[in-house]
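Asks: Have a look at this one.
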Amino acid sequence: MSIDIHAGHAVVTGGGTGIGLAIARALAARGHAVTVMGRSEDALAAAAASIPGGGHVICDVTSDASVAAAVVSAEADRGSIRVLVNNAGAVATAPFEKTSLEAWSAAIEVNLLGAVRMTRAALPSLKAHPWARIVNIASTAGLKPYVSPYVATKHALVGLTRALALELATTGVTVNAVCPGYTRTAIIELAIETIARRTGRDAATAQAVFTSANPQGRLVTPEEVATAVTWLASLEAGAVNGVTLSVSGGETP
């Protein structure tokens, strides 16, 4: 991956593990000064140590005060934010009728309002650059059972992406979303292990619960998601705005 001569300060929320960490590493490889944000000090410190010149800031995206303080701290350390990747997310599984309003509120706070808070805090800096990028990590989640709060909030994030892209179209800030399919992360690996243990299936059969959604018959890799993000974050993708890019092997268009 070549160095982007236009690289700047990139912030990745939920950047301590999984897809977020892969995105942070890919952006750093392109020459960006990367700050990973999240709630786990240990995970963030380990992530930052694995990224050349990487930095980390504790941030709870459900808290206005935490987000504001994190942005101030990150910019004091690495300069004005040019790329914001809203990757922080949470999912809990339960049938709709057994999902409490508290669970709905928790999903909204992280998956939707977390991106709103981060964008609001970073936007003055983003708009101060000749060009800047916001990339929201949504999902291919659609008509799937047991995850209605996740599905609803990720669809809302796509709607936010499209609306904000139009609102900011003349500012030089583009807003796009990447929708990964089932991706090989620790969360999916644990889910496969849990299915195998509870059903008595072997690991390959348990994994098929997830790979069957992908026409390629496999899990997406975090690095494949990261590649899509780094392109959308580049100067060359300046005419790409309000787009939802599916990284799913053809699960969705």
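Asks: Kindly evaluate Ala24 against the criterion of being open to solvent by less than 20 Å² (accessible area, probe 1.4 Å) and either within 19 Å of Ala121 (Cβ to Cβ) or touching a helix residue (DSSP H, G or I) at 6+ places or on another chain (Cβ under 6 Å) (or both). Give the derivation first.
Replies: Numbers: open to solvent by less than 20 Å² (accessible area, probe 1.4 Å): yes; either within 19 Å of Ala121 (Cβ to Cβ) or touching a helix residue (DSSP H, G or I) at 6+ places or on another chain (Cβ under 6 Å) (or both): yes.
In short, yes.
Asks: Give me the pairs: first residue in the stretch 42-65 and open to solvent by 40 Å² or more (accessible area, probe 1.4 Å), second residue assigned to a loop (DSSP other than H, G, I, E, B), beta-carbon distance under 7 Å, and six or more apart or on different chains, which are they?
Replies: Ile58/Arg39; Asp60/Arg39
Asks: When only residues in the stretch 196-236 that are in contact (Cβ under 8 Å) with a residue 40 or more places away in the chain and farther than 17 Å from Cys179 by Cα count, which is most open to solvent (accessible area, probe 1.4 Å)?
Replies: The selected residue is Leu235.
Asks: What residue, among those in the stretch 75-115 that are touching a strand residue (DSSP E or B) at 6+ places or on another chain (Cβ under 9 Å), closer than 17 Å to Val151 by Cβ and not aliphatic (A, V, I, L, M), is least open to solvent (accessible area, probe 1.4 Å)?
Replies: Ranking the candidates gives Gly114 first.
Asks: Being under 23 Å from Leu21 (Cβ atoms), touching a residue at least 12 places away in the same chain (Cβ under 8 Å) and open to solvent by 50 Å² or more (accessible area, probe 1.4 Å): is that true of Ile192 here? Quick ask: steps written out before the conclusion?
Replies: Working: under 23 Å from Leu21 (Cβ atoms): yes; touching a residue at least 12 places away in the same chain (Cβ under 8 Å): yes; open to solvent by 50 Å² or more (accessible area, probe 1.4 Å): no.
When the stated conditions are applied, Ile192 does not pass them.
The values are calculated or read from the model by the stated rules, or taken from the named source; none is laboratory data. The shown structure was predicted, so the numbers you read here are calculated from the model rather than taken from an experiment. All Cβ positions, even for glycine, are placed from backbone atoms using ideal geometry, and neighbour counts span all protein chains on display. Note: areas computed on protein heavy atoms with side chains; ligands, DNA, RNA excluded. Shrake-Rupley method; radii C 1.70, N 1.55, O 1.52, S 1.80 Å.
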